[in-house]
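This report refers to the structure that appears directly beneath it.
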Amino acid sequence: MTHVSNRARLPLFSFAQAIRHLKLPYHSMSQKVAPRITMPDRDYSANSNVAKSNWLITKLSKDGKIGEARQVFDEMPEKDVVTWTTVITGYIKCGMLEEARRLFDRVDAKKNVITWTALVGGYIRLKRIKEAEWLFYQMPVRNVVSWNTMIDGYARNRQVELALDLFERMPERNVVSWNTVLTALAHCGRIEDATRLFHLMPERDVISWTAMVAGFFKKWQD
């Protein structure tokens, strides 16, 4: 980590001092990663009949009608990875993780990195971090969202060192990756580490600055 001069820290301190009387909520990066289970917005199925059924399953799942969505799924003569992912994600969104896992584990299941990541996020959402961790390391392919999801899982369970270790091993990072670790450090009072990380960031956004301000504010309150 590079040395951070007092001059470099001045903008952050000035910003924090200017709002020191405000009550700032702490914004976890988890709102942008694992727990927010979203349904696929687009269907790239080559078969038009499959695409129509997938659209209907997506709509029913979004409306919370997971039983009806499953019925459509079961009656489909042909299914693709979008079909499987949509139903599995629908179960996760409805809090029916065990049913999602049973479908996920079927020998005929079609899965991709989105399917795997959604299930990892489902376990994290229920604070079942060990199961999320096991599944993460079983993934045949991971993308930056998969890594961010697991890092956020560690961070929200106050396992900051594990989050940092995974962050260091990421093959690629985006601003969400940096913000997740930055927020975790600031939230647990490690403001010096957070400051060093902040100044190493190749890109910052409003969440980066807010995390630092909230970290300084929390430190002053302690």
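The values are calculated or read from the model by the stated rules, or taken from the named source; none is laboratory data. Please read all numbers here as calculations on a predicted model, not as lab measurements. Because the Cβ atoms are built from the backbone with ideal geometry, glycine has one as well, and the counts that use them run over all protein chains shown.
Values computed for the structure shown
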| quantity | calculated |
| --- | --- |
| Qualifying positions in segment 156-170 - without any contact (Cβ under 8 Å) to a residue 12 or more places away in the chain and part of a loop (DSSP other than H, G, I, E, B) | Arg169 |
| Scan of segment 107-130 for residues that are surrounded by fewer than 17 Cβ atoms within 10 Å (Cβ to Cβ) and under 17 Å from Tyr154 (Cβ atoms), ordered by number | Leu126, Lys127, Arg128, Lys130 |
| Any hit, segment 198-207, residues being part of a loop (DSSP other than H, G, I, E, B), surrounded by fewer than 17 Cβ atoms within 10 Å (Cβ to Cβ) and over 20 Å from the mean Cα position of the chain (by Cα) | yes |
| Residue in segment 62-71 that is farther than 30 Å from Gly215 by Cα, at pLDDT 85 or above, among the small types (Gly, Ala, Ser) and not in a helix (DSSP H, G or I) present | yes |
| Answer residue from segment 49-59, given it is closer than 14 Å to Thr85 by Cα and not polar (S, T, N, Q) and is surrounded by the most Cβ atoms within 10 Å (Cβ to Cβ) among those | Ile57 |
| Residue in segment 89-106 that is surrounded by the fewest Cβ atoms within 10 Å (Cβ to Cβ), counting only those that are assigned to a loop (DSSP other than H, G, I, E, B) and within 19 Å of the chain's Cα centre (by Cα) | Gly95 |
| Flag for Phe136 being within 29 Å of Gly90 (Cβ to Cβ), free of Cβ contacts under 8 Å to residues at least 24 places away in the same chain and surrounded by 15 or more Cβ atoms within 10 Å (Cβ to Cβ) | yes |
| Of residues in segment 31-61 being polar (S, T, N, Q) and modelled with pLDDT of 85 or more, the one nearest to Tyr123 (Cα to Cα) | Ser61 |
| From the options Val176, Val181, Val213, residue that is farther than 18 Å from Arg142 by Cα, part of a helix (DSSP H, G or I) and modelled with pLDDT of 95 or more | Val181 |
